[in-house]
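My structure is below; once you've seen it, I'll send some questions.
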Amino acid sequence: MSEHGGVPGAGLVKGLAVTLKTMTRRSTTQQYPDVAPELPPRSRGVIALLEENCTVCMLCARECPDWCIYIDSHKEEVAVPGAARPRQRNVLDKFDIDFSLCMYCGICIEVCPFDALYWSPEFEYAEYDIKDLLHDKEHLGEWMATVPPPPAHDPLGDPSKEETTAARKAAGPPARPAPTRVRPDAAGEPGGGAAS
């Protein structure tokens, strides 16, 4: 008996069983360059940018553990009719991601409050020069065409916040309950009650 209480050599037999099972199975080779692989849904390939949604809040650049996102912007004044003074808004000048540094953790996509960053399943963007892995906002915008639609909502799950809000607005304001009249007791009624 072994010191762990099992049969001696049981681990060796299990390992050999796995080897024999693998040896009898026919191997399949994926013909990758000629045949595109079937990727799992929502796989992580490259990060795409929807420039219209970016407000230059810098959350993605601040939260990136590799510091591979470079953002530059300027402020523009926007005249709002009826406002006392013009408002300012940030205009995106530069949004670059260095994919030679990126570790594809997805933190930038998760922290973006305005849905400006998305995963694209495209993975064929290898370059001969490492400097070409720095993608600018135009190049990142081109990947948006390959972003798959979001998965369907689980019918057994909770409704999304948007659906709940829309249903509440469609139902209208909540009905107010009718005021209840409090009947004064006999002591409080005029002309009635106990004499003191």
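Starting from segment 145-170, keep only residues that are without any contact (Cβ under 8 Å) to a residue 24 or more places away in the chain, then list their pairs with residues that are in a loop (DSSP other than H, G, I, E, B) whose Cβ atoms are within a distance under 6 Å, requiring at least 6 positions of separation or different chains.
Nothing qualifies.
For segment 120-141: of the residues being touching a residue at least 24 places away in the same chain (Cβ under 8 Å) and open to solvent by 40 Å² or more (accessible area, probe 1.4 Å), which is farthest from Ile107 (Cα to Cα)?
Per the stated criteria, the residue is Ile130.
Restricting to segment 97-122, count the residues that are under 19 Å from the mean Cα position of the chain (by Cα) and assigned to a loop (DSSP other than H, G, I, E, B).
12
Pick from Arg183, Arg176: which is of a type in the set (D, E, K, R), within 53 Å of the chain's Cα centre (by Cα), open to solvent by 80 Å² or more (accessible area, probe 1.4 Å) and modelled with pLDDT of 65 or more?
When all the criteria are applied, what remains is Arg176.
So which residues in segment 23-55 are under 30 Å from Pro121 (Cβ atoms), open to solvent by 80 Å² or more (accessible area, probe 1.4 Å) and of a type in the set (Val, Ile, Thr), if there are any at all?
Thr28, Thr29, Val35
Also, I was wondering about something else. Look at Asp96 and say whether it is at pLDDT 95 or above and either touching a Phe, Trp or Tyr at 6+ places or on another chain (Cβ under 9 Å) or of a type outside the set (Gly, Ala, Ser) (or both).
When the stated conditions are applied, Asp96 passes them.
For the condition closer than 19 Å to Glu138 by Cβ and basic (Lys, Arg), what is the one hit in Lys94, Lys75, Lys21?
The conditions single out Lys94.
Among the residues of segment 82-96, are any open to solvent by less than 40 Å² (accessible area, probe 1.4 Å) and not in a strand (DSSP E or B)?
no
Now for a separate question. Of all residues in segment 143-161, count the ones that are at pLDDT 80 or above and among the polar types (S, T, N, Q).
Selection size over segment 143-161: 1.
Is one or more of the residues making up segment 148-155 touching a Cys at 6+ places or on another chain (Cβ under 8 Å), of a type outside the set (Lys, Arg) and surrounded by 11 or more Cβ atoms within 10 Å (Cβ to Cβ)?
Scanning segment 148-155, I find no residue that is touching a Cys at 6+ places or on another chain (Cβ under 8 Å), of a type outside the set (Lys, Arg) and surrounded by 11 or more Cβ atoms within 10 Å (Cβ to Cβ), so the answer is no.
Please work out if Cys102 is farther than 17 Å from Asp136 by Cα, surrounded by 11 or more Cβ atoms within 10 Å (Cβ to Cβ) and among the hydrophobic types (A, V, I, L, M, F, W, C).
no
Being open to solvent by less than 70 Å² (accessible area, probe 1.4 Å) and either farther than 28 Å from Lys131 by Cβ or in contact with a Ser or Thr (Cβ under 6 Å, 6 or more places away or on another chain) (or both) is the filter here, so list the residues in segment 58-81 that pass it.
Across segment 58-81, the qualifying residues are Val78, Val80.
Scan segment 18-51 for residues that are in a helix (DSSP H, G or I) and out of contact with any helix residue (DSSP H, G or I) (no Cβ under 8 Å at 6 or more places or on another chain) and report the count.
Residues in segment 18-51 being in a helix (DSSP H, G or I) and out of contact with any helix residue (DSSP H, G or I) (no Cβ under 8 Å at 6 or more places or on another chain): 7 in total.
The values are calculated or read from the model by the stated rules, or taken from the named source; none is laboratory data. Small disclaimer: the values here were computed from a predicted structure and weren't measured. In this analysis, Cβ positions are derived from the backbone assuming ideal geometry, glycine residues included, and neighbour counts consider all displayed protein chains. Each accessible area value is taken on the protein alone, full model and side chains, heavy atoms only, with ligands, DNA and RNA left out. Shrake-Rupley method; radii C 1.70, N 1.55, O 1.52, S 1.80 Å.
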